[in-house]
Amino acid sequence: MAYKTLIFVLFLFLFLVSVPKSSVDAKAPSKSHVLIYEVSPYSYSNAHMDYVCLVNPTKTSINLDGYALTDFEGKIWLNGTLKPWAKMYVAENATAFERYMGFTPNLTYSSNTGKFALSNSGDEAAILHNGKIVDLVIYGNSKYNGTGWCGEPLKVYRGHVFRRVSFKDTDSPVDWSNYHRIGQSAFSPIIVKAPTELFVYPDDVNELYRYISNARQSLDIEVYTLSSLKVEQALEQDIKRGVNVTILLEGSPVGGLHDAERYVIQRLYMAGAKIFFMENIASMHNRYDFVHSKFIIRDGKAVLISTENMDMISLSPCGNRGYGIIMRSSKLAAYFLKVFNDDVKRVQDIHEYAGEFTYVAPPRALPVESHIKKFNPANLTASISTVLAPDYSLSSFNNFVNAEKSVDVEALYLKDYALAMVYPKASRILVQEPESGYHMREFRQEGIKMLHAKLLIGDNAVLVGSMNFGRASITKNREVSVIISGKDAVHFFEDVFNYDWYYHNNIAVMRITTHENEVFIDLRDTVGRVKSYSIYIDKVLRYSGTKTTLKFKLGPGEHNIKCLASFEDGTEDVVIKEVSIARKIIFEPEYVFLFLVFAVFLYKLWQNHG
């Protein structure tokens, strides 16, 4: 009986620990109360930027009577009314908060009862309503084990904030992210159906100049670098016609500001453009590692998003392979204008240019180049989903990859987090900088400087824009990309991708590895449309077909392996390699026994002879 009781208790224990805590302890999504949206508990040294942001996640206003914010040591009583989806900021210091955020907080800690203060190393932040906990966050080394939270405390990093990623409110770590930094924006994605033009760099670079020249009222430009004389000339003409031009640039691009860019900036400033830099200086605690976005809002009615910077080399006739997307939508324009205004707002990492680059010589003219145009722009009506980094780019990227059965990749690179996500679904990967140990084709094409695109082509949609495919770009930079849904968009980008993929002459690529007497042949990196492979080993045909991974067992010694690749266009290519299979020495037990017997026999014979 005791044995059966023990088995029952063990079964019950295993059942209980196997049930996720969130499914046991989580409350149903709230329809009626305020939630914590952000917590900044560990600000930069002497920054005094601790704060808590509250949000009304409902469709009706909430009366804040009876609400209080607490760390269980002090309380801050709330008052007034919080409108639907409105936020309320409770900050440690109003002056510091405005310096980093660009606006005044609703309340400060000075209005607390007791000693409300968030500890750097670990603490709790809770919302009380009529004395009861309605929301709670714990972090760091907090020892809290009461109601309102299940799971481990959130990990805390200096200068980072906890930001809610789910309004289901499971009272657990899955509701939160911790990679956003103080001052970063918190936009949500939108989906808009809009007339859209797709074009290819360098073939259709004139579409960029045409877009700029057609401005009538305003151009708001956010871009990593700007040194193109053609862009500068087009903008000067716009300014002369009365167009208001405002530009936000990265203040510390990799390699620094080149003289060509300084020259262009000074000319545009003298013409009347308003120019700002987002400084990338550690002491300033910049909001983003880099302003790497590339977009132009025109007249509040259209948006151009690009994979290319506006520099002389990228936009030359033989410049980079990249893509541009022009979306004619007032709703999208208004959305990205909010992003632009948030980025350029007068906070601690923004510097307004005031004509500092006075004596800079004009850049040398580039050599005359000619490029044979292969592609024309495509006009279509498409569903556009915004992808904004670092606000929600991580979830957008994950959702896009998970939704597609397979993807083709055309990009500067594919690495770390993005590589792990995409590689299992990647059919073909074409990059400028291949990762060692992965099946990727390196981009090489006459008449094009380099591959600078950031493009994922799925079955039913594409993801394209300024965002490179690595974790730093997705989670630390300001980036702007879009997901374009529809077969027409997929076919447009697939046509360019196929041209780039098959551009090179047909090349047979054979990689060989060995293990003992086994030889593994990998043909997957062969370039071109293969009709069949023929594998000869020591001049004997051992395989003919279309398989790209093969295995053979060979005897010891030197072997000659030849691969003959026959391509669909009638051409052939041959690659020959030598492999060496070592002779394996085997010690069989019976041979050892016979050797010992023979040794004893010789020894006895030697003794008798002596």
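Each residue of the range 156-173 was assigned a 3J(HN,Hα) from its phi angle through the Karplus curve 6.51 cos²θ - 1.76 cosθ + 1.60 (θ = phi - 60°); the sequence is 10, 10, 4, x, 9, 10, 7, 10, 5, 10, 9, 9, 5, 6, 8, 6, 8, x Hz, with glycine and proline shown as x. Per atom type, the chain shows carbon and sulfur on 55% of its accessible surface, probed at 1.4 Å.
Placing E558, E98 in order of accessible area, with the largest value first and a 1.4 Å probe, yields E558, E98. For N244, the residues whose amide H sits under 5 Å from its own are S218, L219, ignoring neighbours fewer than 5 places away on the same chain, with H placed 1.01 Å from N.
Here the Karplus curve 6.51 cos²θ - 1.76 cosθ + 1.60, taken at θ = phi - 60°, turns the phi angles of the range 45-62 into couplings of 4, 6, 7, 6, 10, 5, 6, 10, 10, 10, 9, 9, x, 10, 8, 10, 5, 10 Hz, with x standing for Gly and Pro. Can you compute the FRET efficiency between S121 and H258 using 1/(1 + (r/R0)^6), with r the Cβ-Cβ distance and R0 = 45 Å? Round to the nearest 0.05. E between S121 and H258, to the nearest 0.05, is 0.55.
A straight line joining the Cα centroids of the range 435-497 and the range 385-408 runs 12 Å.
A crude spin-label estimate for the pair F187 and E558, with each label 7 Å from Cα along the Cβ direction, gives 6.5 nm.
Centroid-to-centroid, using Cα positions, the range 248-264 and the range 291-361 are 14 Å apart.
For chymotrypsin sites (Phe, Trp or Tyr not before Pro), the sites in the range 57-136 that DSSP calls loop and that have at most 13 other Cβ atoms within 10 Å are W85, F103.
Overall shape: oblate for the chain, with the ratio a/c of the largest to smallest alpha carbon gyration tensor axis at 1.5 or above and b/c at least equal to a/b. For a paramagnetic label modelled at 7 Å from the Cα of D488 toward its Cβ, which residues of the range 197-218 fall within the zone defined by backbone nitrogen distances under 11 Å? Counting only backbone N, you get 197-198. Calculated mean residue ellipticity at 222 nm for the chain: -7000 deg cm²/dmol, from DSSP H runs with n ≥ 4 weighted as -39500 (n - 2.57), summed, divided by the residue count and rounded to 500. In the context of the full set of protein chains, residues of the chain present 49 Å² of accessible surface per residue (probe radius 1.4 Å, heavy atoms only). Computed from the C-beta positions of D569 and T546 and an R0 of 22 Å, the FRET efficiency is 0.85 to the nearest 0.05.
Between the amide H of T526 and those of V509, distances stay under 5 Å, these residues lying 5 or more places away or on another chain, with hydrogens modeled in the peptide plane. Remark: for residue pairs K294/K345; K83/K143; K331/K487; K331/K405; K59/K193, the C-alpha separation exceeds 28 Å in K83/K143; K331/K405.
Y157 to R364: extension gain in nm, 0.36 nm per residue of separation minus the Cα-Cα distance?
On the way: separation 207, 0.36 × 207 = 74.52 nm, distance 4.63 nm.
The Y157-R364 span can extend by a further 69.9 nm.
The HN-Hα couplings worked out from phi for the range 571-584 by the Karplus form 6.51 cos²θ - 1.76 cosθ + 1.60 (θ = phi - 60°) are 8, 9, 9, 10, 10, 10, 9, 10, 10, 10, 10, 6, 6, 8 Hz, whole numbers, x standing for Gly and Pro. Given labels modelled 7 Å from the Cα in the Cβ direction, how far is it in nm from M284 to T95? About 2.1 nm separates the two model spin labels. The calculated FRET efficiency for A334 paired with R428, based on their beta-carbon distance and R0 = 22 Å, is about 0.05. Less than 5 angstrom separates the built amide H of A302 from those of S329, all sequence-distant by 5 or more or on a different chain.
The values are calculated or read from the model by the stated rules, or taken from the named source; none is laboratory data. Model, not experiment: these values are computed from the prediction. Virtual Cβ from ideal backbone geometry, glycine too; neighbours counted across all protein chains shown. Ligands, DNA and RNA are stripped out before the accessible areas are found, and what is left, the full protein with its side chains, is counted by its heavy atoms. Shrake-Rupley method; radii C 1.70, N 1.55, O 1.52, S 1.80 Å.
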